[in-house]
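Read-outs: derived from the displayed coordinates by stated rules, not from any lab. Not measured: the values here are computed from a predicted model. Using ideal geometry, Cβ is built from the backbone for each residue, glycine included, and neighbour counts are taken over all protein chains shown.
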Amino acid sequence: MGWTVWQHCLRLSYAPLLLALAGSNARGAGPETAPDSRLPIRFVVVTTFDTGDDTGAPGEFNTWVVNYPLPVVIPFPQGYHHLRYNPDKHVLGIETGEGPTRMAASITALANDPRFDLTRAYWILAGIGGIDPNAGPAGSASWAEYVADGDLAYEIDAREIPSGWSTGYVPLGRSTPYQKPTPPASSINGENLFHLNAGFVRWAFQFDHAHVTLPDTAKLQSLRALYRAYPKTQSPPLILKGDTLAAGTFWVGGLLNTWAENWVSYWSHGRATFTMSAEEDAGYMQALTFLSQVHAIDIDRVLDLRAASDFTVPHPGQTPAQLLAQDSTGTGVSAFDESLQDVYLAGSAVVNEIVDQWDRYESRTPSAP
């Protein structure tokens, strides 16, 4: 059955649901959005971009819409993009738009939408990013226990930093790089470090490690052949537990990669290990943290998953400028397609376990020692 025909059938099957959801929006809750009639959501799948429409060219949102699937379209004018829903599994998908600002605004708008009951919902940010070649191979999917913010800092241009400084980035409240003591992660300046529910993150990692094998491809083999100087890149993609540095600025290169490793370690007092670079994760965590303070969501049910589409440093013989040119034009070897599939494989396994065993997980968040 073609997608258009199937979609038409779904519209007919879920016509009452579509009418109810389209009949109310964030401007006010009518009779259909009274608290006892809100749509209960078991899992929210958060993605940041698509490369075409929901069912066309591959992107983060498209991968879930087509494969999970998320057949029902729900208008969402207060956000970046309409929502998608699977009424059989009670899974809601959102495309927030790229960058920390759009992420935070979209998540806040969703949590304040009177059509949905998110009080027991689980959350997963399922996106792609860059991987530190000192952490693992391309295509790997990594569960983050810590998310560090790479934007909250002082910065001196690299051409003007004092002799002996390793970086031009300085913690807010300090006057030299990595100056001790480390300031409080939460301050008037913002949140430099978010710590997710460690037991839940370990459970997700262990569940995937036991149940998911990420496929190897010729493109992945070609990519890691360029990085033989980095031993941890020389395997098929892995399920990892590693932490994310989120920054609105795309950065590349060995010196900034060393800064990222040190920045994550500095703010976590050595407890976190930089693994993935991304844009939106600090905005995601900040919005959900605030929402948890009014019990709109349960912060202990939040997950952050990234799969590696490329490396954060150039391969030997390549300059950072050359890597940037390849990334911006799409002319280099990358694991873009593989990372989209791998973040879906790793993420959907955990989502399905929870929503399909809802009697077990509705009142008890899974945890591992």
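Across segment 218-229, not a single residue is classified as in contact (Cβ under 8 Å) with a residue 12 or more places away in the chain, crowded, with 16+ Cβ neighbours inside 10 Å and of a type in the set (S, T, N, Q).
Taking the stated definitions as given, is Val66 in contact with a strand residue (DSSP E or B) (Cβ under 7 Å, 6 or more places away or on another chain), closer than 30 Å to Ser363 by Cα and hydrophobic (A, V, I, L, M, F, W, C)? Taking the combined requirement at face value, the residue does not satisfy it.
Yes/no per residue for (1) in a loop (DSSP other than H, G, I, E, B); (2) more than 16 Å from the chain's Cα centre (by Cα); (3) surrounded by fewer than 20 Cβ atoms within 10 Å (Cβ to Cβ); (4) touching a residue at least 40 places away in the same chain (Cβ under 8 Å):
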| position | (1), (2), (3), (4) |
| --- | --- |
| Pro237 | yes, yes, no, yes |
| Leu255 | no, yes, yes, yes |
| Glu261 | no, yes, yes, yes |
| Trp267 | no, yes, no, yes |
| Gln286 | no, no, no, yes |
| Ala296 | yes, yes, yes, yes |
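Evaluation of Asp88 against the conditions (1) in contact with a strand residue (DSSP E or B) (Cβ under 8 Å, 6 or more places away or on another chain); (2) without any contact (Cβ under 8 Å) to a residue 24 or more places away in the chain shows that the sole unmet condition is (1).
Applying the selection to segment 159-176, what residues are touching a residue at least 60 places away in the same chain (Cβ under 8 Å) and not β-branched (Val, Ile, Thr)? Hits for segment 159-176 are Ser166, Tyr169, Pro171. Note on segment 337-369: among residues that are in contact with a Lys or Arg (Cβ under 9 Å, 6 or more places away or on another chain) and among the hydroxyl-bearing types (Ser, Thr, Tyr), the one that is farthest from Phe200 (Cα to Cα) is Ser339.
Do any helices (runs of 4 or more DSSP H) entirely within segment 317-369 hold 2 or more residues that are of a type in the set (S, T, N, Q) and farther than 28 Å from Asn197 by Cα, and if so, which?
Correct list: 320-329.
Output yes when any residue across segment 338-348 is closer than 23 Å to Ala229 by Cβ and in contact (Cβ under 8 Å) with a residue 24 or more places away in the chain, and no when none is. So far as segment 338-348 goes, yes, one or more of its residues are closer than 23 Å to Ala229 by Cβ and in contact (Cβ under 8 Å) with a residue 24 or more places away in the chain.
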